[in-house]
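Data first, discussion second: the structure below is written as structure tokens.
The values are calculated or read from the model by the stated rules, or taken from the named source; none is laboratory data. Keep in mind it's a predicted model, so treat the numbers as computed, not measured. Virtual Cβ from ideal backbone geometry, glycine too; neighbours counted across all protein chains shown. Surface accessibility is based on the protein's heavy atoms, side chains included, excluding ligands, DNA and RNA. Shrake-Rupley method; radii C 1.70, N 1.55, O 1.52, S 1.80 Å.
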Amino acid sequence: MKTYMAAISLVLFWFAIFSHSIADQAFDVRQHLSTVTGYGAVKDVGCVSLEKSSIHEGCTPIHLNLVARHGTRSPTKKRMRELDRLASHLEGLIRDAKEQNLSLQKVPTWLLGWESPWRDKLKGGELISKGEDELYDLGIRIRERFPDLFKEEYHPDVYPIKATQVPRASASAVAFGMGLFSEKGSLGPGHHRAFAVSSESRASDIVLRFYDCCESYKDFRKSQEPGVDKLKEPILDEITAAIVSRYELNFTRQDTASLWFLCKQEASLLDITDQACGLFNPSEVALLEWTDDLEVFILKGYGKSINYRMGVPLLEDVVHSMEEAIKAQEEQLAPGSYEKARLRFAHAETVVPFTCLLGLFLEQSEFQKIQREQPLELPPRPPHSRNWWGSTIAPFAGNNMLVLHSCPANPSSKYFIQVLHNEHPITMPGCNNSDFCPFEEFKEMIVAPHLKHDYNTLCAKRLEQPEQKLETSKLSLLFRWLFSMGRDETQSTKAEL
């Protein structure tokens, strides 16, 4: 029976892998880069999204909220220096192998003399041209999908665009606006028009950078980061041993971590999949991706309630904008005199908590747990299936749209909310797993439980140090169990098959 269940787990693992792959069913590493994944690789991939929406007949969209991550960016200065160190260490490994007269026959040729593509750059973290395209195209698609929402003459009060003060977020907002308002003006051959992008100071932006202003969260994250790094070590050690044997070079754990980072940058930014990514087989990529997804889960997602409860100001802002849109509809205000869309551009640290506030990517039982403020189990190790994929939840340019619909013919509710994740309808466990939820039910079942948490109270309170240490200890024990369970079942399955 155990062997049978292990075989089933392995089948589920490969089903999950191939459900994230391209149409020809070949494994595509570009879809398995956690939150470094490009939008185009996964835009149409979703574990729980719906093929068809359940929008009622006679309903029309009257307002749209967008919360989007910035597009694909270059590595930060710190990570570029890490790649420079990797280049130096790889050079040393090759040199040592030559001095010892060891064969380099198994060493991929690209490793010989490799240098980082970013070695000459002095600054990093900026939006690159691929990221510009992601947001520009998104703006065009949204306008085409909701033509009635975007037919009004532009005014910053009708279509407010907000971004954080970080340049890659504001640049993403500009790229999006250029697509959204293309051919709507008189500037240049593209008939562009000027539009406003507003930002709050980093020190006080509790709507889009709530994590920067929340002292208790910063204390929590600082206390957990060493434990999260520790959780990754068994996987890194396992894969390091495999690639040392495969290529006969004395790679270290740090080399493996840096090579995985290089793989993600090459595949996502440069569309290169046969160098650093080619060092790992699909099952190793799946494990490395899982460790990244665990980090996102623990430090930004459902791993701790403060991760998402601190995002309540954003949730309140979204709901308030919809209430104002309903008020304008009821009062029959003149077109062009009220807001039709509120468009926000921020970071993974914004999009992931907001996704959690909506209760997305959860089973019904898990949603009930977070409503009761009970902890969730960590996403299980491959080959076990899971809903939590960083590549789907917050890729570059990943987004959530909340579209408010007016349904005058509906006898039970005149206003409904539809949630689109990466442009696709997605079920809401808090609304009976529907993607089309009565507005009042949405507020009662999904929003209200979060609103009892005041941001200032939540974030001014510093977590007690003993509790932080206990959290890390529990995490380590759980991870060890997950690690041994997944490894034992995988090895058992291989032996039997």
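For segment 147-159, just list the computed ³J(HN,Hα) in residue order, Karplus coefficients 6.51, -1.76 and 1.60, θ = phi - 60°, integers in Hz, with x standing in for Gly and Pro.
Rounded to whole hertz, the list is x, 5, 6, 10, 8, 6, 5, 4, 8, x, 7, 8, 10.
In degrees, nearest 10, range 0 to 90: what is the angle between the Cα axis of helix 77-99 and the longest Cα principal axis of the chain?
20
Please report the net charge: other residues with Cβ closer than 11 Å to the Cβ of His89, K and R +1, D and E -1.
-3
If you roll a 1.4 Å probe over the heavy atoms of the protein chains, what accessible area per residue do you get for the chain, in Å²?
45
At a Förster distance of 25 Å, what's the computed FRET efficiency of Ser412 paired with Ser365, Cβ-Cβ distance as r, to 0.05?
So the FRET efficiency works out to roughly 0.40.
Starting from the Kirkwood radius over alpha-carbon pairs of the chain, derive D by Stokes-Einstein at 4 °C in a medium of 1.567 mPa s and give it in µm² s⁻¹.
Diffusion coefficient, whole number: 54 µm²/s.
Counting only other residues whose beta carbon sits under 13 Å from that of Asn65, what net charge do I get with K and R as +1, D and E as -1?
Details: positive: Lys162, Lys340, Arg342, Arg344; negative: Glu316, Asp317, Glu323, Glu324, Glu339.
Cβ neighbours under 13 Å give a net charge of -1.
Determine the principal axes of the Cα atoms in segment 322-406, then give the extent along each, sorted from largest to smallest and rounded to whole angstroms.
So the extents along the principal axes, rounded to whole Å, are 56, 30, 18.
Using alpha carbon centroids, what distance separates segment 84-120 and segment 384-431, in Å?
The two parts, judged by their Cα centres, are 47 Å apart.
Given segment 380-421, what whole percent of its Cα pairs are spread farther than 12 Å? All intermediate terms of the calculation are to be shown ahead of the outcome.
Details: 614 of 861 pairs.
Counting pairs separated by more than 12 Å, the tail of P(r) holds 71 percent.
Provide, for q = 0.14, 0.15, 0.21 Å⁻¹, the log10 of I(q)/I(0) from a solvent-free Debye sum over equal Cα point scatterers in segment 269-379.
Each listed q corresponds, in turn, to -0.77, -0.83, -1.10.
If each of Asp44 and Arg253 carries a label point 7 Å out from its Cα toward its Cβ, how far apart are those two points in nm?
4.2
Once neighbouring chains are kept in place and the probe is 1.4 Å, which whole percent of the accessible area of segment 366-434 is contributed by carbon and sulfur?
47
With n ≥ 4 as the cut-off for DSSP H runs, can you work out [θ] at 222 nm for the chain, using -39500 (n - 2.57) per run divided by the number of residues, rounded to the nearest 500?
Calculated from helices alone, the mean residue ellipticity at 222 nm is -15000 deg cm²/dmol.
As a test of understanding, state the convex hull volume per residue of segment 281-333 from its alpha carbons, in Å³.
102
Taking amide H atoms as placed 1.01 Å from N in the peptide plane, list the residues 5 or more away in sequence, or in a different chain, whose amide H sits under 5 Å from that of Glu126.
Ser74
Between Gln374 and Lys106, what length comes free when the chain is fully extended (0.36 nm per residue of separation minus the Cα-Cα distance, one decimal in nm)?
That works out to 91.5 nm of additional length.
Please give me the summed charge of the neighbours of His347: other residues whose Cβ is under 12 Å from its Cβ, Lys and Arg +1, Asp and Glu -1.
+4
Leaving ligands, DNA and RNA out of it, report the carbon-plus-sulfur percent of the accessible area of segment 182-333 at a 1.4 Å probe.
Carbon plus sulfur share of accessible area: 47 percent.
Could you work out the percent of alpha carbon pairs in segment 81-138 separated by over 20 Å, rounded to a whole number?
48
For segment 352-375 and segment 142-207, compute the distance between their C-alpha centroids and round to whole Å.
31
Let me know the shape class of segment 172-237, please: from the alpha-carbon gyration tensor, a ≥ b ≥ c as square roots of the eigenvalues, rounded when a/c is under 1.5, otherwise prolate if a/b is greater than b/c, or oblate.
oblate
Quick one: work out the % antiparallel among DSSP beta bridges in the chain, nearest 5.
Values: 24 of 34 bridges.
About 70 percent, rounded to the nearest 5.
Per-residue HN-Hα couplings for segment 320-334, Karplus 6.51 cos²θ - 1.76 cosθ + 1.60 at θ = phi - 60°, whole Hz, x for Gly and Pro?
After applying 6.51 cos²θ - 1.76 cosθ + 1.60, I find 4, 5, 6, 5, 5, 5, 5, 4, 4, 5, 5, 8, 6, 5, 5 Hz.
Kirkwood hydrodynamic radius of segment 340-384 from all distinct Cα pairs, in Å?
That comes to 12.7 Å for segment 340-384.
What list of whole percents do you get for P(r) of segment 99-243, with Cα-Cα distances grouped in 5 Å bins up to the one holding the largest distance?
Bin by bin from 0 Å, the calculated values are 2, 7, 10, 12, 11, 11, 11, 10, 8, 7, 5, 3, 1, 1, 0.
Distance check, please: which entries in Lys162/Lys230; Lys77/Lys98; Lys232/Lys304; Lys130/Lys264; Lys43/Lys218 exceed 26 angstrom between their Cα atoms?
Numbers: Lys162/Lys230 37 Å; Lys77/Lys98 32 Å; Lys232/Lys304 19 Å; Lys130/Lys264 15 Å; Lys43/Lys218 31 Å.
Cα-Cα > 26 Å for Lys162/Lys230; Lys77/Lys98; Lys43/Lys218; rest within.
What is segment 229-274 by shape, rounded, prolate or oblate, if you read a ≥ b ≥ c off the alpha carbon gyration tensor as root eigenvalues and call it rounded for a/c under 1.5, prolate for a/b larger than b/c, and oblate otherwise?
oblate
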